[in-house]
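Here the structure comes first, spelled out in structure tokens, and everything after it is commentary.
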Amino acid sequence: MTDIKQYKNDKSENAENSPPSARVTAVYRERYELNCTQRSFFGQLKTSVYYAKEPQVFPTVGDYVLYNEVEGGDCQIIGTLPRKSFFARLDPDPSGGKQQAVAANFDYVFIMTSLNRDFSVSRIQRYLALANQSRAVPVVVLTKADLAEDTADAVSEIKSIAGGVDIIPVSVISKIGFDSLLKYLIPGKTVVFLGMSGVGKSSLLNSLMGQDVMTVSAIREDDSRGRHTTTHRQLFSLPSGAMVIDTPGMRSIGMWNADSGLSKTFSDVEALLEKCRFSDCSHTSEPGCAIKAAVDNGELSASRLDDYLSLKRESAYSENRAAFLRMKQAKNKSLAVKIKKLKNDEKFRY
């Protein structure tokens, strides 16, 4: 595993007495699987730390955590160490309005999509925005290349929206593209696999591991989609020394606070925005609108602009909704405290 000492504060006077640390390799509801110097064990969050007034950040797969040993039971997780990268999406639960942590402390994001009927450039744009937000390097991996007569068109489509992001067609059958993956799968580096069900994440992982570590399920013929074969996020150590975080297939990939990621993914659009004559330009009929001019002369496609504006609105909505829910929760908590105080005052009055 990656050397966890890099995440400790070595300058601390009490460094020698600080709690040991380990990396989260899997999350099972309220139980965490940890690894430290090739030893695997389980831990649970210390309630007084993670449910305090100012709680610690809840760990996810890839995080480094501090823990205390507990004789005869799961260790006690007492802290989450700072992250160098983090991938999150809008919680798909309708009652959510909050972020869902997916993975942490990785170097590369493999955005995986299959070269079948479910191929979608707009979906790749979504993943790219969140991958760019994560502070890691995105790579687009086009799986099942053996099923495509020609991958050039798909690669060209993605290049038009992905800037200089590396695009690698691969096949676990013919091993096409595996040599191109090797420059990312090097000792000490961590890669997170992201994509919908049925795109071949588990098949690629099994092939890289040299053994079947994940169950593989056939896709549906009517829509080229698959069932979830990965039920939880888990970190694997490859024979090469690299590490892979495999994630369940995502039916939806909602934007969550992705402004900087969108800016990087749509840098061509934002460069034009700065050239508009008016700062509050609606890009419809104002004179001197650089966006409208770019669409009219073919420099910018109307669909590209629509995708950018749509994702910006979605990101802003999720952020505002989350702020509203936090305010509502704080208000309800304050009201509950007042009611409890009134009841106590009433009790002692008599």
Worksheet entry | Amide H within-cut-off set for Ile168, under 5 Å, with H built and near neighbours excluded | Val140, Val141, Leu142
Worksheet item: Remind me, what semi-axes does region 91-154 give for its equivalent ellipsoid, largest first in whole Å, using sqrt of 5 times each Cα gyration tensor eigenvalue?
Response: 26, 16, 9
Worksheet entry | Estimated inter-spin distance, Asp268 and Asp179, nm [label 7 Å along Cα→Cβ] | 3.0
Response to the item:
Plugging the Cβ-Cβ distance of Asp306 and Ile186 into 1/(1 + (r/R0)^6) at R0 = 41 Å yields, to the nearest 0.05, a FRET efficiency of 0.55
Worksheet, complete the sentence: Per the 1/(1 + (r/R0)^6) rule, R0 = 41 Å and r from the Cβ atoms of Ala52 and Ser120, FRET efficiency to 0.05 is 0.45
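Need the full-extension length gain, Glu71 to Phe278, defined as separation in residues times 0.36 nm minus the C-alpha distance. One decimal, nm. Don't jump to the answer; show the numbers that get you there.
Details: separation 207, 0.36 × 207 = 74.52 nm, distance 6.62 nm.
67.9 nm is the gain from fully extending Glu71 to Phe278.
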Practice prompt. Quick one: what are the phi-derived ³J(HN,Hα) couplings along region 30-40, Karplus 6.51/-1.76/1.60 with θ = phi - 60°, whole Hz, x for glycine and proline?
Written response: 9, 10, 10, 8, 10, 9, 8, 6, 6, 9, 9
Response to the item:
Nearest-0.05 FRET efficiency for Ser285 and Tyr317 at R0 = 30 Å, using Cβ-Cβ distance, is 0.75
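FYI, it's all coordinate maths here, none of it is from the lab. Nothing here was measured: the structure is a model prediction, and the numbers come from that model. Ideal geometry is used to build each Cβ from the backbone, glycine not excepted, and the neighbour counts take in all protein chains shown.
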